[in-house]
1. In the set 232, 164, 238, 204, which member is closer than 24 Å to residue 456 by Cβ, touching a residue at least 24 places away in the same chain (Cβ under 8 Å) and assigned by TED's automatic domain parsing to the domain that holds residue 634?
2. Which of the residues spanning the stretch 498-534 are crowded, with 18+ Cβ neighbours inside 10 Å and in contact with a strand residue (DSSP E or B) (Cβ under 6 Å, 6 or more places away or on another chain)?
3. Filter the stretch 496-521 down to the residues that are closer than 19 Å to residue 605 by Cβ and assigned to a helix (DSSP H, G or I) and list them by number.
4. Which of the numbered conditions does residue 192 fail, given that it passes all the others? Conditions: (1) more than 25 Å from the chain's Cα centre (by Cα); (2) surrounded by fewer than 24 Cβ atoms within 10 Å (Cβ to Cβ); (3) within 30 Å of residue 292 (Cα to Cα).
5. Can you list residue pairs whose Cβ atoms sit under 7 Å apart, with the first residue in the stretch 524-537 being at positive phi and the second being not in a strand (DSSP E or B)? Count only pairs 6 or more apart in sequence or on different chains.
6. Could you pull out the residue among 219, 203 that is surrounded by fewer than 16 Cβ atoms within 10 Å (Cβ to Cβ) and more than 15 Å from residue 278 (Cα to Cα)?
7. Against the conditions (1) more than 30 Å from residue 403 (Cα to Cα); (2) in a helix (DSSP H, G or I), where does residue 300 fall short? Just the number, please.
């Protein structure tokens, strides 16, 4: 047991638990840095504007940004998966997948943070401390009771959000629910997963109680609502019921079916509350992230951005756009072959199932679930950008678009986070202005529906589970076909589990849900033995010619020569859905060769619960490593902790 209290508190981890160290994220932070050890002058908690300022800063720290907008040291461990190609860079994410380098060690996982600042994701206990202060001191202030309840509901919800993310990573964490005195730190040890979830559910129950009936004005869009708190509570109970915390075959931790019953009840309630509040699926899947404000009835929890307000933008548009459209594409938005093959056909059947359409491994985009076209820009596809609605994107090796050479070997791009009408020159976020201003949606109604489907399936209500998936597929434009949108042959709980995990992969592609879904369902370690693969498109030309590079150049010139009749490249007139035409100019896709030293995925089972890094262990009190890790004795699923 670690009992080494780090005495230099001003540099130690536990100081972040102290209310005396709270500060807002504004540059002029002195307003919140006060000498009293209680944390903040009591007058602040009796001033509505001061509390609102503190609350806004708390939102900035806790509501997630775009996943790859801010990536602290080694944070890619929590972002990599089998849906995108980022781990091919060989960093810590590659070690998390086991495809490159040494296995992760005790000091590598730093989700909790190991910096003692109030920057986004630098220290999650700083975020918790902000909430603890508000929850402690707002009731002691003189603000009107209705406003107190509004404030408290939001702080309880956000504290629960932070703890849920911590528990997803570590299983059991230090529970800090009161402001801490640096001279008398009470926080110590690691609570069991059960104790953590009890706190999370209690926080969200209180958030629902406080926010029931609260209606935000248009200027407050993005604040936590009653529906958001209900959806978060339902999600937390889904996690508590799922195999990560409720294993199906673990004699040491017997399976508890009653958790699924509680989760089902909460998810039904969340669904009904969201519908009553006006939430629903947007009619067009491809417009989900492009629709802002009250018009986006699908967005339940989101982070507002602006291209015209200083310091309120981001540069994420560039990470999806091709170079020819002022982009700098990011490998985290580069689809793996596995993701491409996960999309069903247009009638909902898997690509290996019989149905109205037959999968063509050459024309791999043809007759697929419409979400494929809405999400992915493949070779020759229509991709309106910079106001050009007739634009086509060409991705073969050596391709140029609009006179600019594209990224090497990129066969498919992510369209989800791009804005078709955004002008070329407005794409970069520069000098704290510009970019698309697109909002990040952390939770949308489709997730509420699929969470409900998951719970219904586990409790044997196949009809409800299928209804949720059917409605999502209908929105996407999937055809009913002869197999009920691809659902007709699903007859068992296990078959529905398999369908749901795949449905989540495609519905939430690139939305940072995949890693958590695989861990929640204990499918993370089952990736072991798979390759992380992406594809490239090569031109068809004579590779046996004396000078094959000259032949390749000729092939490019033929495709890119401008047709004087249309003033467009010759290639734009090609029918790429005609197999014969396509193969005349392009070869079937090939797998991009893996770099030296890369291997198949290798993920140990004990990685379902990471361990705290050494700074946290040695500067904390009674912080034991997680079982499976070096020196590990703490079992998050042991309720005695």
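1. Working: 232 fails: assigned by TED's automatic domain parsing to the domain that holds residue 634; 238 fails: assigned by TED's automatic domain parsing to the domain that holds residue 634; 204 fails: assigned by TED's automatic domain parsing to the domain that holds residue 634.
Just a single option satisfies the conditions, and that option is 164.
2. Hit for the stretch 498-534 is 510, nothing else.
3. The answer is 497, 501, 514, 515, 516, 517, 518, 519, 520.
4. Residue 192 satisfies all of (1) more than 25 Å from the chain's Cα centre (by Cα); (2) surrounded by fewer than 24 Cβ atoms within 10 Å (Cβ to Cβ); (3) within 30 Å of residue 292 (Cα to Cα) except (3).
5. Close Cβ pairs (under 7 Å, with a partner that is not in a strand (DSSP E or B)) amount to 529/600; 529/601.
6. 219
7. Residue 300 satisfies all of (1) more than 30 Å from residue 403 (Cα to Cα); (2) in a helix (DSSP H, G or I) except (2).
Per-residue answers, yes or no, for (1) part of a loop (DSSP other than H, G, I, E, B); (2) modelled with pLDDT under 95; (3) touching a helix residue (DSSP H, G or I) at 6+ places or on another chain (Cβ under 7 Å); (4) assigned by TED's automatic domain parsing to the domain that holds residue 490:
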| site | (1), (2), (3), (4) |
| --- | --- |
| 329 | yes, no, yes, no |
| 347 | yes, no, no, no |
| 351 | yes, no, yes, no |
| 358 | yes, no, no, no |
| 362 | yes, no, yes, no |
| 371 | no, no, yes, no |
| 407 | yes, yes, yes, no |
| 417 | yes, no, yes, no |
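The values are calculated or read from the model by the stated rules, or taken from the named source; none is laboratory data. Here the structure is a predicted model, which is why all the values come from computation and not from measurement. Note that each Cβ is placed from the backbone with ideal geometry, even for glycine, and that neighbours are counted across all protein chains shown.
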